[in-house]
Number of protein chains: 2
Amino acid sequence: MAISQEISYRLERLILDGGLAPGQKIPSERQLAARLSVSRAVIREALHELQGRGVIETRHGKGSFVASIVPNTDAMGEPGPLMHLFEGHPRTLYDLLEVREQLEGQAAFLAAQRATSIDKHRITKAFKALEDTDPLSNARPDHGFHLAIVEASHNPVLVHVLNSLKNMMLMTVQASVANLNPREEMRKKIVRQHRQLYEAVMEGKPAVAQKVATAHVRFVSEAMRNMEKEGSKVIRMPVPGDIPARDSLQNPH
Amino acid sequence: MAISQEISYRLERLILDGGLAPGQKIPSERQLAARLSVSRAVIREALHELQGRGVIETRHGKGSFVASIVPNTDAMGEPGPLMHLFEGHPRTLYDLLEVREQLEGQAAFLAAQRATSIDKHRITKAFKALEDTDPLSNARPDHGFHLAIVEASHNPVLVHVLNSLKNMMLMTVQASVANLNPREEMRKKIVRQHRQLYEAVMEGKPAVAQKVATAHVRFVSEAMRNMEKEGSKVIRMPVPGDIPARDSLQNPH
DNA sequence: ATTAAAAACTGGTCTGACCAGTGTCCAGTG
DNA sequence: CACTGGACACTGGTCAGACCAGTTTTTAAT
């Protein structure tokens, strides 16, 4: 194996095993090169590898620093090996929505087909909560409504996959409702879509439910696209310097 | 932003957006350096970054190659977040196929819509391998054919999700082809379905491709259901120490 | 035609130089 | 005295050319 890779592994293990804390500065390239008796080039290559892996961040004139490790582990679903796809690639968001469009439609279809009276009760409850809520803070009800429908599909695999996708979205996007609702026309359209979806599921019309749900996701997706064109930042990228405050631990002056 | 990062970004977008297909060779470092008017060093740094991100693989003396998207990263021994769903619930297999039906259809749709000439070449190659193979041992070609189509969709999220589902299936089911092919009528039907799918994708008929792919999965699913009724064991419970070859995706050599 | 050596690729490493940001520290200024 | 400015000593970023080490292709001898 190449030297640069051995070094990148050694450094990564050093970091992950706790030898170096997030935000902490890594020795300079020249120091590492001297210390490990290799050229500066291989050090730089090793560091770039770690950089690509998100383990460190490098700032011109300052040095390289251990990146804050993904704060996962919370009750939410796995951060996933997919996360790296997002870094700097807004397009992936739309890939994601493209898939969601399909699955959300299927969920609606199955829900309309299989929902039991208990499911329907839950869906109704969630729907009313959605209607009664202040548009400004209705991210949670919105989620709850869709979740109720997905669960009514009685397909655990579907539930899991959609849940994963949603978690991935939450990590990259400001909640869509929070972005879209402020615009009155859009808000009204979304409310109508929700109502149509609700009714189709309750009345047991799978084909209609699927169509409405698919259209709903597509609508949201395109709305985001437009907003992006208008300059609003939809994607939230990891920005250097976004890893603040930890430096204070480090520089004793 | 540093030049090396701009380059790595450009290359990655090129790859994800379909300019370069998995397994394909990337121009040599010296060529890239000359073409982009930068030193070889920055090219190497950019490539190391992509390497760290798992986008490419480099082999001494041969060159750098686009990695099969979503190869592993979480691989090796991970039981997987979903595995617990299966324990003692054969039904989940059909839930899984239900979802796959939808996604495989979408993949076919997108592939028919977006496949580049390179994609088409790979698909054709996989298809011919499928036709030329002894039905008894054609689990791999079958997999390769479907994978080629999915990757031609140029939606990394879709690739990842389907790959996850497929891994789950491999852990629970004897490869469907191995079960189904012995029955001559079924084998013929499946071969015809494959051919239809192939032609629809190659001729750029998204709607047809989607329909055929969906029908194909459904057919396999129902065939399994029937076999189960007849007493054949389809489900294979996960056994410790089983964890079969996840590397099934890895290509090029 | 077969085979073995040679040449022409590929990536991997080294060296030493210079450019470009950042922070420090000290002299000269008000 | 406080303050500003600039030299200087860091940091990473880029460049050039050389050579080593695998791989493939071409060539030449059998």
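Matching residues to (1) at pLDDT 95 or above; (2) within 16 Å of DNA strand D (Cβ to nearest atom); (3) within 8 Å of chain A (Cβ to nearest Cβ):
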{"residue": "B:Pro22", "(1), (2), (3)": "no, no, no"}
{"residue": "B:Glu29", "(1), (2), (3)": "yes, yes, no"}
{"residue": "B:Val38", "(1), (2), (3)": "yes, yes, no"}
{"residue": "B:Arg44", "(1), (2), (3)": "yes, yes, yes"}
{"residue": "B:Ile56", "(1), (2), (3)": "no, no, no"}
{"residue": "B:Gly63", "(1), (2), (3)": "yes, yes, no"}
{"residue": "B:Pro71", "(1), (2), (3)": "no, no, no"}
{"residue": "B:Pro90", "(1), (2), (3)": "no, no, no"}
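For segment A:109-165, the candidate set comprises residues that are open to solvent by less than 70 Å² (accessible area, probe 1.4 Å) and acidic (Asp, Glu); within that set, the residue that is modelled with the lowest pLDDT is A:Asp142. Of all residues in segment A:15-61, those satisfying the criterion of being exposed (fewer than 14 other Cβ atoms within 10 Å of the Cβ), part of a loop (DSSP other than H, G, I, E, B) and within 9 Å of DNA strand C (Cβ to nearest atom) are A:Ser37, A:Ser39, A:His60, A:Gly61.
The values are calculated or read from the model by the stated rules, or taken from the named source; none is laboratory data. A quick note: this is a predicted structure, and the numbers were derived from the prediction, not measured. So basically every Cβ, Gly included, is an ideal-geometry build from the backbone, and we count neighbours across all protein chains shown. Ligands, DNA and RNA are stripped out before the accessible areas are found, and what is left, the full protein with its side chains, is counted by its heavy atoms. Shrake-Rupley method; radii C 1.70, N 1.55, O 1.52, S 1.80 Å.
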